[in-house]
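The structure appears below as structure tokens.
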Amino acid sequence: MTESLEEFLIARRDTGRLLLVPYVTAGVTPGWTDIVHAYADAGADAVELGFPFSDPMLDGVTIQEASDRAIAAGTTVKGILEEVATLDVDVPLIAMTYSNLVVQQSTAEFCAALTASGLRGLIVPDSPLEEVGELADAAAAEGLDLVLLAAPSSSRARLREITERSRGFVYALTRMGTTGERGEIPEQAVRLGRELKGLTDRPVLFGFGVSNPAQAAELAGHADGVVVASALMRKLLDGARPRELGDYVASIRRALDHGAR
Amino acid sequence: MGEMSWSRRQGVTVPAATRAMNDPGATGRFGTYGGRHVPESLIPACHEIEAAFREAWSDPEFRSRLDTLLAVYAGRPTPLTPAWRLSHELGITLFLKREDLAHTGSHKINNVIGQALLAHRMGKERLLAETGAGQHGVATATAAALLGLKATVFMGERDIERQELNVLRMNVLGAEVVPVTTGSRTLKDACNEAMRHWVSSVDNSYYCIGSVMGPHPYPWMVREFQRVIGEEARAQCAAELPVGVPDYVVACVGGGSNAAGTFAGFVDTTARLIGVEAEGGAAATFGRVGVLHGFRSLVLQDEDGQVTEAHSVAAGLDYPGIGPEHAHLRDGGRARYETVNDEEVVQALLCLARTEGILAALESSHAVAWVIRAAKSGEIAPGSTVMLTLSGRGDKDIASIKELL
């Protein structure tokens, strides 16, 4: 697999498929890499790996709990990367973490370490356009796709810049708030999806608040796909095994395929 | 102005940081520190607050309303009190800038009245705040009551236990206190939770940050609202001291708001600026570069970048970061940061209480502890003049002190 995250996702989308990116917090359980395999086998188009941080400003209670558990188990960036390097999955892996972990050495070293372990994308939610320059350069130099976030509150001018500078896909926030399962799909998400799709040919994926297969399918229909995180981590924290998490991802996959264009 | 001519007369080179502590511009950077490291969802709110603050700060009517409230409501100017007996004991001339005498018992009111006026001007209905020792929470609850706003204060569960009195004060003032049960259950976690809540309520809520931290414009704006401490002290020193400026200007540092306000009044003088941190929460001394709560600065963290818990006897100093401008002042050598331990702090609190009849907050007692140590060791030369900002009163700490005695 030599193509970039973006090339991979575009190729899949262009077959008419809605994209599905499930999430797991790296280190949350001793066998967390089995979860990555289960996701891939269940029809994920990429897998997002959370590198746990002590102060996850944009995460709700579920991801916080998963992060705390992973940190308490001694999870480190170095350890995660060693395990990632041994993974054999046929879809791209994307790292999600906060700026503080990125700036520990130089951003160039961080990006180089990610690509050396086989990761193809990076999401840093607390690095907005104003602050992303050095990291974007470092990621580009490594061939690592840096995914930027777009919010319902972003101005049109900002959305244009975000769609131009984001790589891999554009991460559209369904709502103002933290990660976590929510009930209905907000009207602002539908608007944001429409606006982003009008601005870019890059894949647009919704994240935050996706809580069940039907909702995932409906939301994905307003863009190119969805990221599902808290709903999966909640099940894991409640004791679900990798296979059960895989089954759940498969059920979302079926819902997406059923609603595909 | 008198100081400039004095400096020239004495042939003293004013430090290179003369232009320090001004407007950091649109990026909000102090050297390589500061900035706006928040999720995209909060960027518009940061822009809105920056624009509103710039406009208000250059509006004479806003300034006049703020000055009036600080005078008739908060009790400014606060006095500069000579510490007669302690000065004699230490062989120096020590003045105390009495922020403990401001309404609500600490310097926090200066910033909060400013931000509450701004929130009101912006049409916001609710103030959100984080608090450690509870002083900023009490000040926020107070300003909210004064201006008819609602207040929600996030406070770590551990701090709620050790600052019961301030929790009751906030309740009496009509504020909602939300216990934070995540992480170390102290100030840093209260900041995280306030930020999370802010993201989801940004339309009608204003996040009233209590120190010189957070995303731009907060570190700059809070320093500007606290600048009144330094400007008053500067003028008071000019009236009291033959040379107009003290040899040392000392303040305690958690996030660093009272120190920033104090230093702002003296940064262009020859005074040595000393920030005093708690040994267990000394980001300027033991921290490494990191990004926390929306800004880049020095942060206490482990080798993998996990932020560590700060521990000290003073809840208000249990913060693992330091305001970005302090990090910049440190790097440039314009300010120096020292640490004192809990034992020295408790002894300093007792010493000041018994020599001057002033019960200072445990936070403020850090500054006192350093002055006592440095004067005794000769680091502060005999005969030197020292201006110390006493940031708050110690009534809230009585229960903790009882346990420590």
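The values are calculated or read from the model by the stated rules, or taken from the named source; none is laboratory data. Just so you know, these numbers come straight off a predicted model, no measurement behind them. Every residue, glycine as well, gets a Cβ built from its backbone with ideal geometry; the counts of neighbours run over all protein chains shown.
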Taking segment A:209-261 and keeping only residues that are free of Cβ contacts under 8 Å to residues at least 60 places away in the same chain, within 23 Å of A:GLU187 (Cβ to Cβ) and of a type in the set (S, T, N, Q), one is left with A:SER211, A:ASN212, A:GLN215
Check B:ASP318, B:ASP331, B:ASP342 and return the single one that is surrounded by fewer than 24 Cβ atoms within 10 Å (Cβ to Cβ) and under 30 Å from B:CYS46 (Cα atoms).
B:ASP331
So which of A:ALA139, A:ALA172 ends up being within 11 Å of another protein chain (Cβ to nearest Cβ) and either in contact with a helix residue (DSSP H, G or I) (Cβ under 6 Å, 6 or more places away or on another chain) or under 15 Å from B:VAL38 (Cα atoms) (or both)?
A:ALA172
When only residues in segment A:142-155 that are assigned to a strand (DSSP E or B) and not charged (D, E, K, R) count, which is nearest to the other protein chains (Cβ to nearest Cβ)?
A:LEU149
Residue under evaluation B:THR81, criteria (1) away from every other protein chain (no Cβ under 14 Å); (2) assigned to a helix (DSSP H, G or I), criterion not met
(2)
For B:PHE286, only one of the following conditions fails: (1) surrounded by fewer than 22 Cβ atoms within 10 Å (Cβ to Cβ); (2) farther than 13 Å from B:LYS188 by Cβ; (3) within 14 Å of chain A (Cβ to nearest Cβ). What is its number?
(3)
Any residue in segment B:301-313 that is in contact with a Lys or Arg (Cβ under 7 Å, 6 or more places away or on another chain), buried (at least 16 other Cβ atoms within 10 Å of the Cβ) and in contact (Cβ under 8 Å) with a residue 12 or more places away in the chain?
yes
Suppose we filter segment B:352-405 for residues that are surrounded by fewer than 21 Cβ atoms within 10 Å (Cβ to Cβ), hydrophobic (A, V, I, L, M, F, W, C) and within 21 Å of B:ALA315 (Cβ to Cβ); how many remain?
7
Here, helices (runs of 4 or more DSSP H) confined to segment A:1-109 with at least 2 residues that are among the hydroxyl-bearing types (Ser, Thr, Tyr) and within 14 Å of chain B (Cβ to nearest Cβ) are A:61-72
Can you tell me which residue is surrounded by the most Cβ atoms within 10 Å (Cβ to Cβ) among those in segment B:33-64 that are closer than 18 Å to B:VAL289 by Cβ and in contact with a Lys or Arg (Cβ under 7 Å, 6 or more places away or on another chain)?
B:GLY34
Just checking, how many residues over segment B:22-66 are aliphatic (A, V, I, L, M), in a helix (DSSP H, G or I) and within 10 Å of another protein chain (Cβ to nearest Cβ)?
3
Among residues of segment B:114-153, those that are out of contact with any His (no Cβ under 7 Å at 6 or more places or on another chain), hydrophobic (A, V, I, L, M, F, W, C) and within 21 Å of B:SER201 (Cα to Cα), counted:
12
List every residue pair whose Cβ atoms lie under 6 Å apart, where the two residues are 6 or more positions apart in sequence or sit on different chains, the first residue falls within segment B:112-136 and is assigned to a helix (DSSP H, G or I), and the second residue, located anywhere, is of a type in the set (Ser, Thr, Tyr).
B:VAL112/B:THR140; B:ALA119/B:TYR206; B:GLN135/B:SER106
Selection count, segment B:247-258, where residues are farther than 23 Å from B:PRO382 by Cα and touching a helix residue (DSSP H, G or I) at 6+ places or on another chain (Cβ under 7 Å):
5
Among (1) outside any strand (DSSP E or B); (2) at pLDDT 95 or above; (3) in contact with a strand residue (DSSP E or B) (Cβ under 8 Å, 6 or more places away or on another chain); (4) crowded, with 24+ Cβ neighbours inside 10 Å, the one test that B:GLU232 misses:
(4)
Being without any contact (Cβ under 8 Å) to a residue 60 or more places away in the chain and either more than 14 Å from A:VAL91 (Cβ to Cβ) or in contact with a helix residue (DSSP H, G or I) (Cβ under 7 Å, 6 or more places away or on another chain) (or both) is the filter here, so list the residues in segment A:16-40 that pass it.
A:ALA26, A:GLY27, A:PRO30, A:TRP32, A:THR33
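A quick yes/no check of all residues on (1) closer than 21 Å to B:ILE92 by Cβ; (2) in contact with a His (Cβ under 8 Å, 6 or more places away or on another chain); (3) assigned to a helix (DSSP H, G or I):
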| site | (1), (2), (3) |
| --- | --- |
| B:ASN171 | no, no, yes |
| B:CYS191 | no, yes, yes |
| B:VAL199 | no, no, yes |
| B:MET213 | no, yes, no |
| B:VAL228 | no, no, yes |
| B:ALA259 | yes, yes, yes |
| B:THR270 | yes, no, no |
| B:LEU273 | yes, no, no |
Residue check for B:GLY294: at pLDDT below 95, over 13 Å from the mean Cα position of the chain (by Cα) and not assigned by TED's automatic domain parsing to the domain that holds B:ARG196
no
So B:THR142, is it farther than 21 Å from B:PHE225 by Cα, polar (S, T, N, Q) and in contact (Cβ under 8 Å) with a residue 12 or more places away in the chain
no
Grab the helices (runs of 4 or more DSSP H) fully contained in segment B:337-405, keeping just those with 2 or more residues being of a type in the set (Val, Ile, Thr) and touching a residue at least 60 places away in the same chain (Cβ under 8 Å).
B:342-356, B:362-377
Scan segment A:41-76 residue by residue and report those that are surrounded by 22 or more Cβ atoms within 10 Å (Cβ to Cβ), among the aliphatic types (A, V, I, L, M) and under 17 Å from the mean Cα position of the chain (by Cα).
A:ALA44, A:ALA46, A:VAL47, A:LEU49, A:MET57, A:LEU58, A:ILE63, A:ALA66
Just one of the numbered conditions (1) touching a Leu at 6+ places or on another chain (Cβ under 6 Å); (2) in a helix (DSSP H, G or I) is not true of A:LEU122; which one?
(2)
From the options A:THR15, A:THR2, A:THR25, residue that is of a type in the set (Ser, Thr, Tyr), surrounded by fewer than 18 Cβ atoms within 10 Å (Cβ to Cβ) and at pLDDT 95 or above:
A:THR15
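Conditions tested, residue by residue: (1) surrounded by 21 or more Cβ atoms within 10 Å (Cβ to Cβ); (2) at pLDDT 95 or above.
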{"site": "A:ASP88", "(1), (2)": "no, no"}
{"site": "A:GLY118", "(1), (2)": "no, yes"}
{"site": "A:VAL124", "(1), (2)": "yes, yes"}
{"site": "A:PRO128", "(1), (2)": "yes, yes"}
{"site": "A:LEU135", "(1), (2)": "yes, yes"}
{"site": "A:ALA139", "(1), (2)": "yes, yes"}
{"site": "A:ALA157", "(1), (2)": "no, yes"}
List every residue pair whose Cβ atoms lie under 6 Å apart, where the two residues are 6 or more positions apart in sequence or sit on different chains, the first residue falls within segment B:82-108 and is surrounded by fewer than 22 Cβ atoms within 10 Å (Cβ to Cβ), and the second residue, located anywhere, is modelled with pLDDT of 95 or more and aromatic (Phe, Trp, Tyr).
B:PRO82/B:PHE95
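Per-residue answers, yes or no, for (1) under 29 Å from A:PHE53 (Cα atoms); (2) within 11 Å of chain A (Cβ to nearest Cβ); (3) more than 21 Å from the chain's Cα centre (by Cα):
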position	(1), (2), (3)
B:ASN171	no, no, yes
B:ALA175	no, no, yes
B:THR181	yes, yes, yes
B:CYS191	yes, yes, no
B:VAL199	yes, yes, yes
B:GLY210	yes, no, no
